[in-house]
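To start, the structure itself, in structure tokens.
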Amino acid sequence: MTTEGRPAYSVWRAWCALLVTLLAGVAAIGGAHAAIVATNARLGEHAEHTRFVLELTDAVDYRLFFLSEPNRIVLELPEIEWRLPPKAGIKGSGLVTGYRYGTFRKGKSRIVLDLATPAMVAVDFVMPPESGKPARLVLDIVPADEADFLAAAGWPDDESGAPPEPPVDAAAEAEPIDSQDGQFIIAIDAGHGGVDPGASGPSGTLEKDVVLQTAEALKAELETRGHFQVVLVRDDDTFITLKDRVRAGRAAKADLFISLHADSVSDATVHGASVYTLSETASDSVAAELERSENAADVISGVDLSGNDEVSTILIDLAQRETKNRSSIFAQMLLPELDRQTGLISKPHRFAGFRVLKAPDVPSVLIELGFLSNATDEARLTSPKWRASTAAAIARAIDGYYDRMASVAETRH
Ligand SMILES: [Zn+2]
């Protein structure tokens, strides 16, 4: 009996496992269909408070927390599909100077409201959808005195409890720069994403979108060569910390890391491209200003950087001189190509302390493709044709760099 019973039991177990898998699949499909969509958001100034309203296709769970320096309210939601009007959040009202929203990580979305002064949420609630009206999440924001705000500000326990990164031993982890299997690996990092839109243009163009599209064009162009392996640090509209971008380049054992950005400044006549390589001190005030705004990405999105800097100062000191030399060699090859394609700003090779360039063993450059604040540059950045020819120009510089590195490798043998 036992010898017959066992096979029957195992068949039964297999059926149960199959059933569970099928049910889980159905649940997952059901879940995907039930994604809640944010359809509108508005700010209203009232006598006693500033009201923020988010309209959704269904009621959601949420939590709120406050952060200082700069003062913000963070509204955390399950993963939401965002279909807000294109300029939502750019303009503020009352106590709120503006807000950003997006996917923070899989399963989590955030809205970050920037505050003009310390403030608290006096009332918050969700109203379910009713007689054709959408669900509404409402926050009534009131002024608070600074001491009260600072007392309330801070990370939720599950966010602040993350241990700081262990220091990386650059010497131990450093891989030979030339790939041994002959594949030359290029990591393309489209700046910003998700909750962090980056710069924006007068007609509503977002940096995070145009740099992702350019990254995709560059990947397609490089893959026509056959000897490049291309890794996109992000391939969708997701927020990634600067630390994780550096980590992605290193994990891919990239031979070259290219971060793509587009700038915005108050002077609408400024246009053209520029290339940045790493320096501990910014080369001028423009570079310093830009460094602050690019490095602000993690602060903007509500990531705690305090005591958790992605690469310690010691690591930067250990950075191989060779990596910096190679970054500069590639930057010098990029400039004439970008000049022919789109024109350059004055002093187009600049130096700044961008966090994203700080891998000690991956030659890295940051390209500012142009200025979204300039009408011509904005039109170019939104043109698929321009992006394809810019990708071709960058790829030609990569070809030159690849040949140069191959000849360096040969003379060493
Ligand atoms: Zn940027």
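The values are calculated or read from the model by the stated rules, or taken from the named source; none is laboratory data. In this text, all values refer to a predicted model and were calculated from it rather than measured experimentally. A quick note on method: Cβ atoms are made from the backbone with ideal geometry, for glycine too, and the neighbour counts reach across all protein chains shown. Heavy atoms of the whole protein, side chains included, go into the accessibility calculation; ligands, DNA and RNA do not. Shrake-Rupley method; radii C 1.70, N 1.55, O 1.52, S 1.80 Å.
List of remarks:
- Sites T269 and A392, calculated FRET efficiency, Cβ-Cβ separation with R0 41 Å, nearest 0.05: 0.90
- Farthest toward positive dipole pole in region 37-160 [+1 Lys/Arg, -1 Asp/Glu at C-beta], among P85, A151, L139: P85
- Length gained when the stretch N325-A152 is fully extended (0.36 nm per residue, less Cα-Cα span): 57.6 nm
- Virtual spin-label span in nm between F125 and R225, 7 Å along Cα→Cβ: 6.1 nm
- Estimated inter-spin distance, E69 and H46, nm [label 7 Å along Cα→Cβ]: 3.4 nm
- Which of K253, K385, K358, K324 is most accessible, then next, and so on - probe 1.4 Å: K385, K253, K324, K358
- Exceeding the 18 Å Cα-Cα cut-off - candidates K253/K324; K219/K347; K243/K358; K208/K324: K219/K347; K208/K324
- Each principal axis of region 37-160 carries a Cα extent, and these read 42, 36, 25 Å when sorted largest first.
- Calculated translational diffusion coefficient of region 343-413 (37 °C, 0.692 mPa s; Stokes-Einstein with Kirkwood radius over alpha-carbon pairs) equals 221 µm²/s.
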